[in-house]
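K.L.:
Once you've had a glance at the structure underneath, I'll fire off some questions.
Throughout, read-outs are computed from the coordinates displayed, never taken from laboratory work. In this text the structure is predicted, and so the values were computed from the model without any measurement. No Cβ is skipped: glycine too gets one built from the backbone with ideal geometry, and neighbour counts run over all protein chains shown.
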Amino acid sequence: MSSINQAKAEAQKLIKEYNKLQAEARSATSVDDAARKTAAAEKLIVQISELQSAITKFQSPKQTVPSPKIQSQAPLEERVDRLTQAQKKTRTQIEQLSNAKSQLTLLLKQEKDKNIENASQTKDKKLQQELEQLIEKKEAEQSSLKQKLDNVQQESKKETDIIKLQRDTARAVMDRQIQLENENSLQESSVGMLRGIAIGTVFSIIIGVLGVFLYTFITEEDMVSVTQPKIYPIDTSAIVKVTPVIKVPVASSFKALGEYRDKLKNGGKGPWMVKLPEGTFKMGSKNTLPHHNERPQHEISLESFSIGKYEVTFEEYDHFSRMTNRPLPNDNGFGRKKRPVINVNWHEAVEYTKWLSKQTAHKYRLPSEREWEYAAGAGAETVFWWGFHIGENNANCASCGSEWIGQQTAPVGSFPANPFGISDTIGNVMEWTLNCYHGSYKGAPSTGNIWEGGNCTWRTVRSSSYRSNKDNIRTTIRKQFRPSIRMDTLGFRVMRVY
């Protein structure tokens, strides 16, 4: 038997002797007999304390309480890596197929312009249909992979919270142990008190020591099950109360009605859209906050509409530019494809929505300011849709702790979507809205999807960007810019009217 196990066995033996002495002291027929039993118990206290010190010496010098065995997150991290690699591979395949389809579409257009109708054109049309089917299949595969990745990341987040709670609990128990030892020292100094009080004091000290000693034997199961702790028969003064702060997903009373993509007349599909229900929400900041242009907070009732699941990407905007013979916007070296389009002004964003309307036979436009905030908040009344604290890897900003922190845009959909299923409503890029700028919400109507009027030499911009610090990150933030300005932190998303 090891030295530490021998010490523990001896301690258990002394505890049994102590229990026997306590029982005899309580049943003693005279005060003198009770005093003798109490004195014997005091000697046991010293021996138990010495054994506790010996046990501590055998343990690690930097760790008086055994650390709980924490479950490894390696399997989850491996799953995340596998899913991420699969996503990258599928995304590359989609890009290759889309490029081939775009080239084929351009070839068919040229043949049509030249009134060429031959077997080659028929073959090209058939190939175009096959490419479109392949792209749809790969996009479905990509969507499935993203859903699996989101689920694994959420599972990993929950495990991280549990691990943190375990560590906080162990730390709190160790702090309590130190506090009990200090209290015991003070109690031992009051020897001159009346015999009856001394007996009660000794009993409290023994219970405290037993509480600390029992903690030494807490099993791995005890530490992992922190949400339902076992209750040991010790004095209530030795019980440690821990109130963990765990991030709880936002519970929204609103639910999206579905997602879709409209087909374009010249081939391909438009942006992913999320259909939102009609609803009433509180718009703006509370009166206790200093952001005057976001006040007064007021209730707004909106009709159903659809809004872009993602910010419009370079891939989508470049297609529009090529089809309308427009110059391609500068990507600042960040990359194109799935990254949000930047360096487009308000007029160019509006032209894109008009082109979408013609291509799909549906009415597209920029979202109004109230539509944007309704979609971004998804029913939450907190600073961010996920809560009051910015956390890490919830968005792309200068204070968000992501791999792109303060440096450049991230591919759309790189972070968890809000309860509506809409991505990047915090950070990445600011977004143009339809509205002329109002200096505050004073006089805003309580109904209607658009608030008319305002100063139209300025247009309202919502959200924040990859450069925004923590003081400029919230769902309610609003700014104004000249409609002709182009910035590498400013993009847009679209909406569709029903």
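K.L.:
To the nearest 0.05, what FRET efficiency results for Leu127 and Thr84 with a Förster distance of 30 Å applied to their C-beta separation?
P.N.:
Values: r = 32 Å, r/R0 = 1.06.
The pair Leu127/Thr84 has a calculated efficiency of 0.40.
K.L.:
Using θ = phi - 60° and the Karplus relation 6.51 cos²θ - 1.76 cosθ + 1.60, list the HN-Hα couplings for the stretch 353-359 in order, rounded to whole Hz, with x at every Gly or Pro.
P.N.:
Computed from phi, the couplings for the stretch 353-359 are 5, 5, 5, 4, 4, 5, 6 Hz.
K.L.:
Given 0.36 nm per residue, what is the gain on full extension from Glu136 to His298 after removing their alpha carbon distance, in nm? Working shown, then result.
P.N.:
On the way: separation 162, 0.36 × 162 = 58.32 nm, distance 4.24 nm.
Taking Glu136 through His298 to full extension adds about 54.1 nm, to one decimal.
K.L.:
Would you give the gap between the C-alpha center of the stretch 269-338 and the C-alpha center of the stretch 360-407, rounded to a whole Å?
P.N.:
So the separation of the two Cα centres works out to 9 Å.
K.L.:
Expected output is a single nm value to one decimal: the length gained when fully extending between Lys354 and Leu328, i.e. 0.36 nm times separation in residues minus the C-alpha distance. What is it? Before the final figure, lay out each step's value.
P.N.:
Details: separation 26, 0.36 × 26 = 9.36 nm, distance 1.77 nm.
Once the chain is fully extended between Lys354 and Leu328, it gains 7.6 nm.
K.L.:
Counting only other residues whose beta carbon sits under 12 Å from that of His438, what net charge do I get with K and R as +1, D and E as -1?
P.N.:
Details: positive: Arg295, Arg370, Lys442, Arg459, Arg478; negative: Glu294, Glu369, Glu452.
That sum, taken over residues with Cβ under 12 Å, equals +2.
K.L.:
Any of Lys126/Lys275; Lys275/Lys354; Lys148/Lys363; Lys363/Lys442; Lys265/Lys337 with alpha carbons more than 28 Å apart? Name them for me. Don't skip to the answer; put the middle values down first.
P.N.:
Values: Lys126/Lys275 33 Å; Lys275/Lys354 20 Å; Lys148/Lys363 33 Å; Lys363/Lys442 30 Å; Lys265/Lys337 21 Å.
Lys126/Lys275; Lys148/Lys363; Lys363/Lys442, as the Cα separations exceed 28 Å there.
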